[in-house]
1. Segment 6-87: D in µm²/s via Stokes-Einstein (Kirkwood Rh, Cα pairs, 4 °C, 1.567 mPa s)?
2. Counting only C-alpha contacts under 8 Å and six or more residues apart, can you give the relative contact order of segment 47-98 as a whole percent?
3. For segment 129-183 and segment 60-119, what is the separation of their Cα centres, given in Å?
4. Report the local net charge at Arg11: Lys and Arg +1, Asp and Glu -1, summed over other residues whose C-beta lies under 11 Å from its C-beta.
5. What does the charge add up to near Lys22, with Lys and Arg as +1, Asp and Glu as -1, over the other residues with Cβ less than 15 Å from its Cβ?
6. Using only the C-alpha atoms of segment 73-149, find the volume of their convex hull and express it per residue in Å³.
7. Give me the net charge of Cys133's neighbourhood, meaning all other residues with Cβ under 10 Å from the Cβ of Cys133; Lys, Arg count +1, Asp, Glu -1.
8. What dipole magnitude, in Debye to the nearest 20, does segment 136-192 give about its Cα centre under +1 on Lys/Arg Cβ and -1 on Asp/Glu Cβ?
Amino acid sequence: MNAIIDALHFRHACKKFDPDKKIAPKDLDTILEAARLSPFSFGMEAWKFLVLHSDAVREKLRPACWDQAQVTDSSHVVVILARPDLVTPGNPYVDKSFAGRGLPEDATRAYIEKYKWYMETEVYPRMNLYAWCCKQCYIALANIMTTAASLGIDSCPMEGFEKDRVEAVLGIDTKEFEVAVLVALGYRAGDQPPRRRHPKEMLVEIR
Ligand SMILES: Cc1cc2nc3c(=O)[nH]c(=O)nc-3n(C[C@H](O)[C@H](O)[C@H](O)COP(=O)(O)O)c2cc1C
């Protein structure tokens, strides 16, 4: 059909991983490259991908993730961290990021102002910067899962965790980083349930 659609058919939220099957470093690199290449609004790249392979660390983490077996039975868990502090208007990182585009000085200044205005008029009335960063982190999450699937690797996205507890267990400096979402990666053990999706007519409207 199409390589991406094939990967999307292969992907499912894997609940049962084979704990003996590990992802090869080369494949893990490919998956993380897909994360790195993901787009972030205004090009801010305010994220970090914390890769957990250690059994000991994942054992410690599991109770903070609703005791989900995917945390320990998968091969790796990627913790996607958001960096809201970094992208606060006025943070020198924001100015540097726009300056790095190589535009004339007045265009750079206009971008910085537009960013601040966008935050004040569109983002802050609806959400905080953590939530805004999380929206971007979920794009990387999707790319991680689709790329993994294209390599025959299974995944389970995970929102089922206690954020404060996960951050404490992993010793995250929450002034700089906050956990957005987790994804377990590895290989399925046994068959998976059939896919359930609404029909296209219910979801797609073309005008
Ligand atoms: C952001 C996000 C978080 C999720 N969190 C969990 C989770 O913590 N544990 C779990 O077993 N499944 C989790 N899921 C899986 C969904 O329940 C699953 O994707 C949905 O039922 C559709 O099934 P499918 O992905 O197999 O097509 C999550 C999915 C998403 C997109």
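1. Stokes-Einstein gives a translational diffusion coefficient of 89 µm²/s.
2. Computed value for segment 47-98: 40 percent relative contact order.
3. Each part reduced to its Cα centre gives a spacing of 12 Å.
4. That sum, taken over residues with Cβ under 11 Å, equals 0.
5. Around Lys22, the charge tally is -3.
6. It is 126 Å³ per residue.
7. So the surrounding residues net to 0.
8. 140 debye
No value in this document is a laboratory result; all are computed from the given coordinates. This is a predicted model, so every value here is computed, not measured. Every residue, glycine among them, receives a Cβ derived from its backbone with ideal geometry; neighbour counts consider all protein chains shown.
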